[in-house]
Amino acid sequence: PIKAFLFDLDGVIVDTATYHYQAWKRLANELGFDISEEFNERLKGVSRMESLDIILAHGGLTVSDEQKAELAEQKNQWYLDLVGRMTSEDILPGVATFFSQVRKANLLTALGSVSKNAPLILERIGMSQAFDAIIDGTKISKGKPDPEVFLKGAAELEVSPAECVVFEDAVAGVEAGKRGGMFVVGIGSPDVLTQADLVAPSLDGLTVDEVLAATVA
Ligand code: BG6
Ligand code: MG
């Protein structure tokens, strides 16, 4: 039986996926090229430095490690400017209702995010206490699609992977959940999240019963 729900943060709980995209786009533009929204799908769930590598390769640029650190720092500053304005109003529609259903069903919860800014974002939106375990970018050595972040979440909750459902908006995140041996609910489009076991456009309108029923179907 399912005992725990593991949630990605950016793009599932809050719309920070668009902030990451805005900040990377600004960086790419300053470097003399552009990144499309479609290209951005490849960056979702991927760590900061790996994202930068993908972007630089896309623009055909090679830079020193020192410059790379500066570019990543610049992007993060722009990203933090956007995050700094966030409040509980920025929690995505349906999250509060879904979480109250999760509690009623006595399911455990964990956050599984590759972001080093995850604790700051949770604080901004007033959700620091909403999870039984928090795994963020400071606690892992491998970003998604490696399953590490979700396996650590399951371990901290003392449940097995087969007892977990992952909620993910990123192609890399869905892959991470599947590689971890978990049931994965894709949040977004079925055309993009092809590996997910179930796909919903958002948590809004989704019910815990519906998810649990899908895991036994
Ligand atoms: C993930 C995002 O949650 O965190 C990625 O989907 C982002 O887009 C990654 O690159 C790392 O985030 P941060 O905040 O540590 O730069
Ligand atoms: Mg995400």
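The values are calculated or read from the model by the stated rules, or taken from the named source; none is laboratory data. Keep in mind that this is a model prediction, so the values were computed, not measured. For neighbour counting, all protein chains shown are included, and Cβ atoms are generated from backbone atoms with ideal geometry for every residue, glycine included.
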Any residue that is more than 12 Å from residue 169 (Cα to Cα) and acidic (Asp, Glu) - is there at least one of those in region 11-31?
yes
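Would it be correct to say that residue 118 is closer than 14 Å to residue 45 by Cβ, aliphatic (A, V, I, L, M) and surrounded by 16 or more Cβ atoms within 10 Å (Cβ to Cβ)? Walk me through it before giving the result.
On the way: closer than 14 Å to residue 45 by Cβ: yes; aliphatic (A, V, I, L, M): yes; surrounded by 16 or more Cβ atoms within 10 Å (Cβ to Cβ): yes.
Yes; evaluated as a whole, the condition is true for this residue.
Here are 45, 60: which of them is within 14 Å of ligand 1 (Cβ to nearest atom) and part of a loop (DSSP other than H, G, I, E, B)? Give the steps one after another, and end with the answer.
Working: 60 fails: within 14 Å of ligand 1 (Cβ to nearest atom).
Of 45, 60, the one residue that is within 14 Å of ligand 1 (Cβ to nearest atom) and part of a loop (DSSP other than H, G, I, E, B) is 45.
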### Message
Condition first: closer than 22 Å to residue 21 by Cα and among the hydroxyl-bearing types (Ser, Thr, Tyr). Can you find one or more residues in region 120-133 that meet it?
### Response
no
When residue 17 is run through (1) hydrophobic (A, V, I, L, M, F, W, C); (2) within 14 Å of ligand 1 (Cβ to nearest atom); (3) modelled with pLDDT of 95 or more; (4) buried (at least 20 other Cβ atoms within 10 Å of the Cβ), the failure sits at (3)
### Filter pass, residue 131 being more than 16 Å from ligand 1 (Cβ to nearest atom) and at pLDDT 95 or above
no
When every residue in region 23-42 that is of a type in the set (S, T, N, Q) and away from ligand 1 (no atom under 11 Å from the Cβ) is compared, the one farthest from the chain's Cα centre (by Cα) is 29
Residue 66: passes all of (1) within 11 Å of ligand 2 (Cβ to nearest atom); (2) outside any loop (DSSP other than H, G, I, E, B) but (1)
Residue 55 passes all but one of the listed conditions (1) among the hydrophobic types (A, V, I, L, M, F, W, C); (2) away from ligand 1 (no atom under 11 Å from the Cβ); (3) not in a loop (DSSP other than H, G, I, E, B); the exception is number (2)
Output for Cβ contacts, cut-off 6 Å, separation at least six or different chains, first residue among the polar types (S, T, N, Q) in region 36-60, second modelled with pLDDT of 95 or more and part of a helix (DSSP H, G or I), reads 40/21
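Just to verify a result, which residue in region 1-14, among those that are farther than 18 Å from residue 193 by Cα and under 16 Å from the mean Cα position of the chain (by Cα), is nearest to ligand 1 (Cβ to nearest atom)?
Out of the qualifying residues, it is 14.
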